[in-house]
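Structure, as structure tokens:
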């Protein structure tokens, strides 16, 4: 059986990603692998050409990043348990692109991510990050869906 030495888990702090995260920590523990917890801040809509009262675009970006850092700290401290072989990363961009880029850069042996399991019109309208990652990932992908 193949072993995993570098596992990348993508989290958006939703219930789906928490469920997938549990699988990632279990696998990392079993394989004594390093776990990278990645959060992608969706590229915000550029509001520079519009009037947004009381806040600059740069300030908005800064506040979003600061909030993501705090959420990541809370997430890891509450869910990591005794597992200590991990690092975190927060990047801004298009989620599936950033997940694939991070996996290639760190030479990931496995990507773990949650999926909403959307079908039909929802999938057409919202797309599927998980599907796009599976199609282009440089390594195996474990897509974890919430139980019905």
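A few remarks follow.
- Taking label positions 7 Å along the Cα-Cβ direction at both residue 13 and residue 84, the computed distance is 2.7 nm, reported to one decimal.
- Residues of region 87-114 with amide N under 19 Å of the 7 Å Cα→Cβ point at residue 65: 88-95, 98-99, 102
- Between residue 23 and residue 92, the FRET efficiency from the beta-carbon distance, with R0 = 22 Å, is close to 0.30.
- Cβ crowding within 10 Å, taken as a proxy for footprinting-reagent exposure, orders 21, 75 from fewest neighbours to most as 75, 21.
The numbers here are math on the coordinates, done by the rules we state, and not lab data. What you are looking at is a predicted structure, and each value in this text was computed from that prediction instead of being measured. Ideal geometry is used to build each Cβ from the backbone, glycine not excepted, and the neighbour counts take in all protein chains shown.
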